[in-house]
1. Give, as a single signed number, the net charge of other residues whose beta carbon lies under 14 Å from the beta carbon of Tyr300, with Lys and Arg counted +1 and Asp and Glu -1.
2. Which order do the peptides 353-359, 336-342 take when ranked by the mean count of other beta-carbon atoms within 10 Å per residue, highest first?
3. How much solvent-accessible surface does Trp48 expose, in Å² to the nearest 10, with a 1.4 Å probe and all protein chains in place?
4. 7 Å from Cα along Cα→Cβ at both Asp108 and Phe141: what's the point-to-point distance in nm?
5. Might you tell me the accessible area per residue for the stretch 1-116, computed with a 1.4 Å probe and given in Å²?
6. For the cross-link pairs Lys184/Lys234; Lys89/Lys158; Lys16/Lys71; Lys16/Lys217; Lys377/Lys463; Lys184/Lys325, which exceed 25 Å when the distance is taken from alpha carbon to alpha carbon?
7. How large a share of the accessible area of the stretch 9-66, in percent, is made up of carbon and sulfur atoms when the probe is 1.4 Å and the other protein chains stay in place?
8. In terms of modelled amide H atoms, which long-range or inter-chain residues lie less than 5 Å from the amide H of Phe232?
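The values are calculated or read from the model by the stated rules, or taken from the named source; none is laboratory data. Just so you know, these numbers come straight off a predicted model, no measurement behind them. Using ideal geometry, Cβ is built from the backbone for each residue, glycine included, and neighbour counts are taken over all protein chains shown. Areas reflect the complete protein model, heavy atoms only, side chains present, ligands, DNA and RNA absent. Shrake-Rupley method; radii C 1.70, N 1.55, O 1.52, S 1.80 Å.
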Amino acid sequence: MVEARKTARCAIYTRKSTDHNLDLEFNSLDAQRESCEAYIKSQAHEGWRLVPDRFDDGGISGASLERPALKELVSGIEAGKIDIVVVYKVDRLTRSLTDFAKLVELFDNHGVSFVSITQAFNTTSSMGRLTLNVLLSFAQFEREVIGERVRDKIAASKRKGLWMGGPVPLGYEAKDKKLVILPKEAETVRLIFRKYLELGAIGPLLQELDRLGMTTKRRRLSDGRTVGGGRFGKGALNHFLRNRSYVGEIEHRGQVFTGCHEPIIDRELFDAVQAKLSGNAVERRLSLKAAAAPLAGKIYDDRGNRMGPSHTVKNGIRYRYYVSKAILQRRPKEAGSVPRVPAVEIEELVATTLQEHLNALPDDGRPTPDLDRIVIKQGIVEVCLAGPDVADDDQAGVAFSVPWTPTSGTAVKGVVSGDAEARMNSSKNRDAMLTAIGKARLWIGDLTNDRATIAQIAEREGKGQRYIRMLLPLGFIAPSIVEAINQGRLATGTAGLASSLPYSWIAQARILQ
């Protein structure tokens, strides 16, 4: 009696990298499938049968596994509906060795065989796997070489001033690899450049564009979706004003080439805008440095917006605070539940909390964890630490919450009241700061003259070594700043001074003047 052969359900997978000629009645995908079907029929005596589902990826690269038909094929394999995967050539399945290894593992786990009809393979044998890997190495090499050729071609084309794709700037449309001016949009571009020089900053310009109802360029993507047409953002507007396409140039990897398209902005206006942008950038960096905000870059609201340092002057007194970037960028609806906090008050709270936490840690020689971020929530301040060596530091990533309520009336219309400042300027706090500075200078003298080590100083003071190390920088504060503290002209906490001031007395005076 002849034993009936088990039916092997075969799925054909086809792929073509580009969509060229896919609209033909008989295209490359059809040719691949026809050859695979003929091969399956030749194996009918072995029980091979073609499943009715088609798995065709047209116009999709084999560089990754993110392909619709391939995902459907994998789903069929996982559902136990496929026994053999048939392809015309192995590179139709993938050109990546890493991806191929993942697919072979998937096939093995589900008992699925893999067949390339133009290349004799048997994935169940070690020799078959070796042969496949060698071929895939060449396929991956070919893909990388093609990528290099494409990049070289793009670079050469840009050197000739041709437009090689990407988002078309406002004021232009792309035709035959060239940018062609759209008169109506071009007037908008010129207006924006002139308005920036007139207003002098991005913030007022954003307000003016909102008032005029001007929006970003609307673009239709290849999949039919439409993007753009919204209000300008701060970063997008800065990029817009620096776009060299508007003076008839093409930029590629830091090099600038003369473009084949007509400019919209004359050189004089463009250079004036660039000078203003660069000048404003320098002023912003200097103002941030001068803000002496020790928590800058580490403090966030509870919606993930970074809170930047800001200040106001009232009756000759400078009041500092941290305010959500959503407020600064005129997106108040996106700000967290606490959009503004008084700087001195929150700095002191964080400094005190950190001191208590670090003092409680054992002195076991491990590096001191760093402050990673502070999250301001309604009634709570969350403090997160990050150690220099996260893998070995038990304290890395530690987050602890501190109950906190702003002093009554600390923020009114963005101006911090003098309550927190008055508290910091009280004689008690001034004495505490001056005492800490005096001790730090004494400790530095002991260390430089080999009279004591940090461990001995900590034991003598009844404090942890981390506390000593944290306050040591106070010993380098300039005499002029010590005098300002003594006279009540500098409202800042001990930890704030220790963590934010440079060692140069000239730099200290410049920051706190």
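1. On the way: positive: Lys298, Arg303, Arg306, Lys325, Arg340, Arg373, Lys377; negative: Asp301, Asp302, Glu334, Asp372, Glu382.
Once positives and negatives cancel, what remains is +2.
2. Details: 353-359: 16.3, 336-342: 20.7.
Result, highest mean Cβ count within 10 Å first: 336-342, 353-359.
3. We get 40 Å² for Trp48.
4. According to this spin-label approximation, the distance is 2.5 nm.
5. 54 Å²
6. Details: Lys184/Lys234 23 Å; Lys89/Lys158 36 Å; Lys16/Lys71 16 Å; Lys16/Lys217 33 Å; Lys377/Lys463 31 Å; Lys184/Lys325 34 Å.
Pairs exceeding the cut-off: Lys89/Lys158; Lys16/Lys217; Lys377/Lys463; Lys184/Lys325.
7. Values: 1590 of 3230 Å².
Ligands and nucleic acids excluded, carbon and sulfur reach 49 percent.
8. Thr216
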